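The values are calculated or read from the model by the stated rules, or taken from the named source; none is laboratory data. Keep in mind the model is a prediction, meaning the values are calculated, not measured. Here the Cβ positions follow ideal geometry from the backbone for every residue, glycine too, while neighbour counts run over all protein chains shown. Only protein heavy atoms, including side chains, enter the accessible area calculation; ligands, DNA and RNA are left aside. Shrake-Rupley method; radii C 1.70, N 1.55, O 1.52, S 1.80 Å.
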Amino acid sequence: MRLVRLDLLRRPWRAAAEGAALLIAALVAFPLYWMVLGAFKPAGEIESTEPRPWTLAPSLDSFRRVFGQQDFGRYFVNSLVVACSVVIVSALIAFLAATAVTRFRFRFRTTLLIMFLVAQTVPVEALTIPLFFQMRDFGLLNTLGSLILPHIAFSLPFAIWMLRGFVKAVPEALEEAAYIDGASRARFLWQILFPLVLPGLVATSVFSFISAWNDFLFAKSFIISDTSQSTLPMALLVFYKPDEPDWGGVMAASTVMTIPVLVFFVLVQRRLVSGLGGAVKD
């Protein structure tokens, strides 16, 4: 009976918490809904002075203008190449670096970890101009390499710190048992340790993918004249003209840009939740 009474007392608070969660979710999702709605609205409704949160005459004209845009497919492929390269390379380097700073003892190890944190606190905008001159000296301006390298560098500190907790959570007794059974260090690394920290790798990869996919600052700064190397965020500028902006085209292009991120998120959703849960627990 006492448990039943406690449950009845908790119900109002639980209902209030669930209501608040739904309200927050609705507020977060509303801009996404408005973007998709704007992509399907005809031009007359978008420019109307009385905006409505629905449309009775959905149209695909905005999407036709987007896919009819010259080089839109090239921008899409460029964004995909940049994001996938950043995810794969940063995950590989972060895994090896996290293993090194967790399993091996060497001089300046603590200093190195603190430097990772310091690098993470520096604003990206403050480093854009120095990076521009560095890319110019390396001859990488107007290439996808000028987008891939900075994103790898900026994603590594967070990934290493997060993976360090996962590597540390693997008991050293498991490593010793593997060596006793005849496994080499490389075999332990790739066949035993790698699958155990895979949820953490997925979690860090999601953040790396989103950061690289949505990047506008580096694309605008480092791709100066060769538009064939531009990425999707730059394609949005085609539809934005100060005198006569094509808001339908902007919304449709933004919707197309969002689809790969949603697909990637859905594919790794289960491992992402377990990865974030493991990181917090650690």
Checking F207 against (1) of a type outside the set (D, E); (2) without any contact (Cβ under 8 Å) to a residue 60 or more places away in the chain; (3) over 18 Å from S85 (Cβ atoms); (4) open to solvent by 60 Å² or more (accessible area, probe 1.4 Å), which test does it fail?
(3)
Name the single residue, out of those in segment 261-282 being under 18 Å from P171 (Cα atoms) and open to solvent by less than 90 Å² (accessible area, probe 1.4 Å), that is modelled with the highest pLDDT.
G275
Tally time: how many residues in segment 108-128 are in contact (Cβ under 8 Å) with a residue 24 or more places away in the chain and open to solvent by 70 Å² or more (accessible area, probe 1.4 Å)?
3
Collect the residues in segment 252-274 that are free of Cβ contacts under 8 Å to residues at least 60 places away in the same chain and not in a helix (DSSP H, G or I), keeping them in residue-number order.
none
Find the residue count for segment 218-235, including only residues that are within 20 Å of F67 (Cα to Cα) and buried (at least 17 other Cβ atoms within 10 Å of the Cβ).
7
Filter segment 94-143 down to the residues that are closer than 20 Å to W213 by Cα, hydrophobic (A, V, I, L, M, F, W, C) and out of contact with any helix residue (DSSP H, G or I) (no Cβ under 6 Å at 6 or more places or on another chain) and list them by number.
V124, L127
I need the helices (runs of 4 or more DSSP H) fully contained in segment 1-107, keeping only those with at least 1 residues that are at pLDDT 90 or above, of a type in the set (V, I, T) and open to solvent by 30 Å² or more (accessible area, probe 1.4 Å).
2-40, 72-103
